[in-house]
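This report refers to the structure that appears directly beneath it.
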Amino acid sequence: MSEPSTEAQAPSPGFESALPAPERTETMSPLVRRRICPNGGPFTASGTCTYVVGRRHVAVIDPGPADAGHIEGLLASLAGEQVDAIVVTHTHRDHSPGARLLQARTGAPIVGCGPHRAARELAENELPALDASADRAHRPDRELRDGESLTGDGWTLTAVATPGHTMNHLAFALPEENVLFSGDHVMAWSTSIVAPPDGSMRAYMESLERLRERDETLYWPGHGGPVRDPRRFVRGLAAHRRQREAAIRARLDAGDRDIAAIVRTVYQGLAPHLRGAAALSVFAHLEDLVERGLAITDGPPLLDGTFRPA
């Protein structure tokens, strides 16, 4: 799930506008196939990318939403092969509910991220902003911790903890091809939305820094096409976020005191139906600024709160 596209207001790390087509299983490499669910939209690109790893005995990464047609098409493309594991990066409804549909058809265990959890407790009278997108029914048969691996016939998937977009978010390294399945943490078509209290901007930025230390040559993301030259791209994403933070701080210095006012200036020309998501992104930055002592609010940071420079 991405945040609103606002490249005109902050330097872009090089987002790609071309999107792959859904509803066909494509061979991407000797060990990787991809089928995209037809759930495209402003936050999902052309749809959720479901990946098949291996041949004959395979793992399926992120079966997507509870879309029976997507699961049926996926299984038809795997005729004669066995699904040995169903791997989930994180618990948003466009990624994890399909795991239960696929398990019902194959009996394969669900592994990967743990149950949905928030970055912090709700403040008094605060509602979870993205509650409708959270898959709270997700219960894996095996939760993978950072650094733990799942092995199959000619393939290995090693969990890389990347909290931020959600706090249970995992990426998965495939060392046999030196690639990373990056989920919604890093995508080539847009930045990831970070929405408190489920997400954390501080955790997201720390996870970006962690990925900068890795040496994979390609990322397969949860939406859109592959991330090429990922170390350069991740540096660009971090710079993009720092520029967004600087723009928000400038608006506080200019006298803006609430998130709606900041969104109107920082996200000029944004379609009305995307303003709510933009507000959540600004909120995540403001929460981080308050934690770092760079902004002030009365009480805990809230989406409808007021903020001022420290």
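The values are calculated or read from the model by the stated rules, or taken from the named source; none is laboratory data. If you're wondering where the values come from, they're calculated on a predicted model, not measured in any experiment. For neighbour counting, all protein chains shown are included, and Cβ atoms are generated from backbone atoms with ideal geometry for every residue, glycine included. Just so you know, the surface numbers come from the protein's heavy atoms only, side chains and all, with ligands and any DNA or RNA stripped out. Shrake-Rupley method; radii C 1.70, N 1.55, O 1.52, S 1.80 Å.
A few points about this structure:
- Relative to the 2.2 N^0.38 Å rule of thumb, the stretch 216-309 has a C-alpha radius of gyration ratio of 1.25.
- For the chain: accessible area per residue (Å², 1.4 Å): 39
- When restricted to Cα atoms, the chain yields an Rg and a Dmax of 19.2, 64 Å, respectively.
- E148 sits with roughly 70 Å² accessible to a 1.4 Å probe, with DNA, RNA and ligands left out of the calculation.
- Paramagnetic reach from R56 (point 7 Å along Cα→Cβ, amide N under 18 Å) across the stretch 70-113: 78-85
- Share of carbon and sulfur in the accessible heavy-atom surface of the stretch 153-198 [1.4 Å probe, %]: 60
- Distance between the stretch 279-310 and the stretch 14-45 - C-alpha centres, whole angstrom: 36
- Estimated FRET transfer efficiency when R0 is 41 angstrom, pair A76-A310 (beta carbons, to 0.05): 0.10
- Antiparallel DSSP beta bridges within the chain, percent to nearest 5: 70
- Each DSSP beta bridge with both residues in the stretch 18-143 is either parallel or antiparallel, and the antiparallel ones are about 55%.
- Between T297 and D153, residue separation times 0.36 nm minus the direct Cα-Cα distance comes to 46.4 nm.
- Principal-axis analysis of the Cα atoms of the chain puts helix 275-291 at an angle of about 70° to the longest axis.
- Cα-centred dipole magnitude for the chain, charges only on beta-carbon of K, R (+1) and D, E (-1), debye, nearest 20: 400
- In the elastic network of the chain, a GNM with C-alpha springs shorter than 10 Å, the most mobile of A277, A18, A238 is A18.
- Surface accessible to a 1.4 Å probe, I193 within the full protein complex, Å²: 10
- FRET efficiency for the pair E26 and R231, taken as 1/(1 + (r/R0)^6) with r the Cβ-Cβ distance and R0 = 30 Å, rounds to 0.75.
- Of A203, Q82, G222, farthest towards positive along the dipole that unit charges on Lys, Arg, Asp, Glu beta carbons give the chain: G222
- Charges were assigned to the Cβ only: +1 to each Lys and Arg, -1 to each Asp and Glu. The resulting dipole of the stretch 32-161 about its Cα centre is roughly 380 debye.
- Cβ-based charge dipole, the stretch 188-310, positive-most Cα from P300, V290, I248: I248
- Relative intensity of the stretch 82-212 on a log10 scale, I(q)/I(0) at q = 0.12, 0.13 Å⁻¹, equals -0.46, -0.54, per a Debye sum over C-alpha point scatterers of equal strength in the absence of solvent.
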